[in-house]
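Enquirer: Sharing a structure with you now.
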Amino acid sequence: MSAAQQQASTSLVLKASGLRKSFGGFVATNGVSFEVHAGEALAIIGPNGAGKSTLFDLLTGRKTPDAGTVELFGEPVTHLPPWQRVKRGIGRSFQVSSVFKSYTALENVQMGLMVSSGQSWGLFGRAANTRRDEALAVLEKVGLVPKRDVPAGDLSYGDQRTLELAVALSTRPRLLLLDEPTAGMGREESRECLRLIRDIATRERLPIVFVEHDMDVVFSFASRVMVLVAGQVLVDDKPEVVRSDARVKEAYFGEDI
Ligand SMILES: Nc1ncnc2c1ncn2[C@@H]1O[C@H](COP(=O)(O)OP(=O)(O)O)[C@@H](O)[C@H]1O
Ligand SMILES: [Mg+2]
């Protein structure tokens, strides 16, 4: 192995090879391969229905592929359930909010902490102080300490999404996978949220893979952009290369980028 190859393999965080998933006769993911290395912020973009969420589900383990493999830090995880991938370092949030609305912000993070270390939830009901300080430290990172005792369902929509980020961070991830973390937020709120994610990812040196619609955000934040169209990778390159790619303009953006 050359020095360059060795360098590349030690920095390898995630590797997807030939991922394929169909629903009935419809192929949602059609041979997707890509890698994520340390220090990268990879944006996945593409029109609605391109297969972005399906790809995320294959990476996080909510779905298993019909073919292809997923490796996390050099280990195969293709058939591991989601919680085992969380234990191996995947912190994730989904397009549709998954916070527990009747639990407080703090409790949601406490549950995240417990799940990632294999503690059972049953215990939680009897031990409201479990890992409280750690949970508060996570809420601090996202600025939600003042709202710690508010039931998640009573938080503003933006704060619920931010809480989701906190839950993702509570599992001590070595890789963040965020599917439209700002879905449903207004433009300003979503930019603020992405700034927060970027600051945290930079500070904690967390590689990140995210789906996002706001192209200004994508092109100012991502170190790499992958364009999915009809379940296939159209382009995977540096933002400036993707932005000026004629096929991308045609397939996705129209003329306006
Ligand atoms: N569970 C499912 N059953 C049937 N079709 C699905 C299922 N999940 C996704 N699809 C289809 O796969 C395609 C890709 O969906 P999705 O991955 O959600 O795209 P994106 O996130 O890029 O908008 C869509 O046409 C969608 O209708
Ligand atoms: Mg989606």
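Enquirer: What residue, of SER22, SER53, is assigned to a helix (DSSP H, G or I), in the same structural domain as PRO239 (by TED's automatic domain parsing) and hydroxyl-bearing (Ser, Thr, Tyr)?
Expert: It is SER53.
Enquirer: Please work out if VAL209 is part of a strand (DSSP E or B) and either within 21 Å of ALA41 (Cα to Cα) or among the charged types (D, E, K, R) (or both).
Expert: Here the answer is yes, as VAL209 does meet what is asked.
Enquirer: Let me ask something else. Which one is nearest to GLU180 (Cα to Cα), of the residues in the stretch 132-169 that are of a type in the set (Ser, Thr, Tyr) and touching a residue at least 24 places away in the same chain (Cβ under 8 Å)?
Expert: Top of the filtered list is THR162.
Enquirer: Take SER116 and tell me if it is open to solvent by less than 40 Å² (accessible area, probe 1.4 Å) and of a type outside the set (Asp, Glu).
Expert: Taking the combined requirement at face value, the residue satisfies it.
Enquirer: Now for a different question. How many residues are modelled with pLDDT under 90 and acidic (Asp, Glu) if we restrict to the stretch 1-39?
Expert: 0
Enquirer: A further question follows. Go through the residues of the stretch 218-241 one by one and say whether even a single one is open to solvent by 30 Å² or more (accessible area, probe 1.4 Å), among the charged types (D, E, K, R), assigned to a helix (DSSP H, G or I) and modelled with pLDDT under 90.
Expert: Checked against the condition, which is being open to solvent by 30 Å² or more (accessible area, probe 1.4 Å), among the charged types (D, E, K, R), assigned to a helix (DSSP H, G or I) and modelled with pLDDT under 90, the stretch 218-241 yields no hits at all.
Enquirer: Step by step: first the residues of the stretch 155-188, then only those that are of a type in the set (Ser, Thr, Tyr) and part of a loop (DSSP other than H, G, I, E, B), then the one that is nearest to ligand 1 (Cβ to nearest atom). Which residue is that?
Expert: For the stretch 155-188, the residue satisfying everything is THR182.
Enquirer: Within the stretch 170-180, how many residues turn out to be open to solvent by 10 Å² or more (accessible area, probe 1.4 Å) and either hydrophobic (A, V, I, L, M, F, W, C) or within 16 Å of ligand 2 (Cβ to nearest atom) (or both)?
Expert: Within the stretch 170-180, residues that are open to solvent by 10 Å² or more (accessible area, probe 1.4 Å) and either hydrophobic (A, V, I, L, M, F, W, C) or within 16 Å of ligand 2 (Cβ to nearest atom) (or both) number 1.
Enquirer: Look at ALA50 and say whether it is within 13 Å of ligand 2 (Cβ to nearest atom), open to solvent by less than 50 Å² (accessible area, probe 1.4 Å) and among the small types (Gly, Ala, Ser).
Expert: In short, yes.
Enquirer: Across the stretch 22-47, which residue is surrounded by the most Cβ atoms within 10 Å (Cβ to Cβ) among those that are in contact (Cβ under 8 Å) with a residue 60 or more places away in the chain, within 15 Å of ligand 2 (Cβ to nearest atom) and more than 14 Å from the chain's Cα centre (by Cα)?
Expert: The qualifying residue surrounded by the most Cβ atoms within 10 Å (Cβ to Cβ) is THR29.
Enquirer: May I pose another question? Report, ordered by the first and then the second residue, all pairs with beta carbons closer than 7 Å, sequence separation of six or more or different chains, a first member in the stretch 216-234 that is under 17 Å from LEU178 (Cα atoms), and a second member that is open to solvent by 50 Å² or more (accessible area, probe 1.4 Å) and part of a loop (DSSP other than H, G, I, E, B).
Expert: What qualifies is ARG224/LYS238.
The values are calculated or read from the model by the stated rules, or taken from the named source; none is laboratory data. No experiment lies behind these values; they were computed from the predicted model shown. Cβ: placed from backbone, ideal geometry, glycine included. Neighbour counts: every protein chain shown. We work out accessible area using only protein heavy atoms, side chains counted, and drop any ligands, DNA or RNA first. Shrake-Rupley method; radii C 1.70, N 1.55, O 1.52, S 1.80 Å.
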